[in-house]
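Input: a single structure, listed below in structure tokens.
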Amino acid sequence: MKTYVLQSGSSTLDGLKQTHLPEPQPSPNQVLIRVHATSLNFRDNLVANGAYFGGPMKNDLVPLSDGAGEVLAIGSAVKRFKQGDKVAGTFFQTWYDGAMQFSRPAMGGSANGMLSELVALHEDGVVHLPDGYSFEEGATLPCAAVTAWHALMATRNPVKPGQTVLCLGTGGVSIFALQFAKAAGARVIITSSSDEKLARAKELGADEGINYKEIPDWEKKVAELTSKRGVDHIIEVGGPGTLQKSYKAVAPEGQIALIGIVAGHQGDTNPLTMMMKGANLQGIYVGTTKMFEDMTRAITQSKIKPVIDRTFPFDQAPEAYRHLPSGNFLGKLVITV
């Protein structure tokens, strides 16, 4: 089968090579999937460039955590799937439910990922696609969508109708969060460096947009838009580079979902401002298979569709990787297989 491998010892994208490997055979608890589409996340760029901090990487890694395809065969003990099912793999392969354990294998990191023609996955790490979804749409869900769902709907403090949600940026997680928040009856404020992206986000339902290049002190604009109260939920993908602004933008007893580090590792992370508000900072590291299943039912009911900015063919996977750090897209980048 054709696949891509990040060669061991490489810390640049030059280590991403297309090659051939033997076809996997499913064990009794595994599902054999013909992959039809995959999608990229910010983490995938960090992994390819040797900058990922989330634990040890598998040698000669098949990359990408996200992908969808069709079940070709099942192991003798598999109960929940059959040949022909349209499915996606989950980010964590054996975290069906319960408390987080860092020993669980993560696709495209400590375990081989989805950028391959065939994969064999444990049935607890496979989910049926929402009704009416294409493989390309399904491939966008495992990391970005589940992360957004966890942050807003499966947290200790889920979003409620009438609350205000602030989404930082217009990448995959933030756009899914916008869609989930609107489906839950919330008001959404979103940030971007591009007026064009803000206009597109408003077409998707955003109530307010803030251009953070034109308004670098965007937390002050948030205060203005909320009558100085602040927002109930923040999708914080910037990390240390934006946390201090999020502390100022969150409402009393609000929640900041700390998800990424796209604004860099450096910044003022003193939590005093947040502490004085009685607000909550919760780390979000994707989510469980059960969260994914709950989310797909909600997606089917609400008819939410992913926003796919651009699709690349399999042979152009390196080009898709190079496009990712440019930020010149809204929503998701997909690679067909």
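The values are calculated or read from the model by the stated rules, or taken from the named source; none is laboratory data. On a predicted model such as this, the values are computed, not experimentally measured, just so you know. FYI the Cβ positions are ideal-geometry reconstructions off the backbone, even for glycines, and counts take in every protein chain you see. Accessible surface is based on the protein model in full, side chains and every heavy atom, while ligands, DNA and RNA are left aside. Shrake-Rupley method; radii C 1.70, N 1.55, O 1.52, S 1.80 Å.
Within region 140-160, residues that are in a helix (DSSP H, G or I) reach partners that are polar (S, T, N, Q) and modelled with pLDDT of 95 or more with beta carbons closer than 7 Å, at six or more positions or on different chains, in the pairs Pro142/Ser65; Pro142/Thr90; Cys143/Asn41; Cys143/Ser65; Ala144/Asn41. The residues of region 204-223 that are open to solvent by less than 40 Å² (accessible area, probe 1.4 Å) and not in a loop (DSSP other than H, G, I, E, B), listed by number, are Gly209, Ile210, Asn211, Trp218, Glu219, Val222, Ala223.
Taking region 307-321 as the range and being part of a helix (DSSP H, G or I) and either out of contact with any Leu (no Cβ under 7 Å at 6 or more places or on another chain) or of a type in the set (Ser, Thr, Tyr) (or both) as the test, the residues that pass are Phe314, Asp315, Gln316, Glu319, Tyr321.
Selection of region 37-79 for residues being assigned to a strand (DSSP E or B) and over 14 Å from the mean Cα position of the chain (by Cα) yields Ala37, Leu61, Ala68, Gly69, Glu70, Val71, Leu72, Ala73, Ile74. Residue pairs whose Cβ atoms lie under 7 Å apart, sitting 6 or more positions apart in sequence or on different chains, and linking a residue in region 298-321 that is touching a residue at least 24 places away in the same chain (Cβ under 8 Å) and among the charged types (D, E, K, R) to a partner that is open to solvent by 70 Å² or more (accessible area, probe 1.4 Å) and assigned to a strand (DSSP E or B), do not occur here.
Residues being open to solvent by less than 20 Å² (accessible area, probe 1.4 Å) and either assigned to a strand (DSSP E or B) or in contact with a helix residue (DSSP H, G or I) (Cβ under 9 Å, 6 or more places away or on another chain) (or both): count how many of those fall in region 185-199.
In the first step, residues of region 185-199 are kept if they are open to solvent by less than 20 Å² (accessible area, probe 1.4 Å); the result is 186, 188-192, 198.
Checking which are either assigned to a strand (DSSP E or B) or in contact with a helix residue (DSSP H, G or I) (Cβ under 9 Å, 6 or more places away or on another chain) (or both) leaves us with 186, 188-192.
The total comes to 6.
Please go through region 149-168 and pick out each residue that is open to solvent by less than 10 Å² (accessible area, probe 1.4 Å) and under 20 Å from Tyr96 (Cβ atoms).
Initially, region 149-168 is screened for residues open to solvent by less than 10 Å² (accessible area, probe 1.4 Å), giving 151-152, 165-167.
Of everything in region 149-168, just one residue is open to solvent by less than 10 Å² (accessible area, probe 1.4 Å) and under 20 Å from Tyr96 (Cβ atoms), namely Ala151.
Gln83 passes every criterion in (1) surrounded by fewer than 20 Cβ atoms within 10 Å (Cβ to Cβ); (2) in contact (Cβ under 8 Å) with a residue 40 or more places away in the chain; (3) of a type outside the set (Ser, Thr, Tyr); (4) in a loop (DSSP other than H, G, I, E, B) apart from (2).
Selection over region 263-279 of residues that are touching a helix residue (DSSP H, G or I) at 6+ places or on another chain (Cβ under 9 Å) and assigned to a loop (DSSP other than H, G, I, E, B) gives a count of 11.
Candidates in region 22-46 are the residues that are at pLDDT 95 or above, open to solvent by 20 Å² or more (accessible area, probe 1.4 Å) and in contact with a Ser or Thr (Cβ under 8 Å, 6 or more places away or on another chain); of these, the one that is nearest to Gly84 (Cα to Cα) is His36. The set of residues in region 108-132 that are open to solvent by 10 Å² or more (accessible area, probe 1.4 Å) and assigned to a loop (DSSP other than H, G, I, E, B) comprises Ser110, Asn112, Glu117, Leu129, Asp131, Gly132. Could you list, in sequence order, all residues of region 280-306 that are in contact with a strand residue (DSSP E or B) (Cβ under 8 Å, 6 or more places away or on another chain), open to solvent by 20 Å² or more (accessible area, probe 1.4 Å) and outside any strand (DSSP E or B)? Selection gives Glu293 alone.
Restricting attention to region 1-28, the residues that are more than 30 Å from Lys79 (Cα to Cα), in a loop (DSSP other than H, G, I, E, B) and of a type in the set (Ser, Thr, Tyr) total 4.
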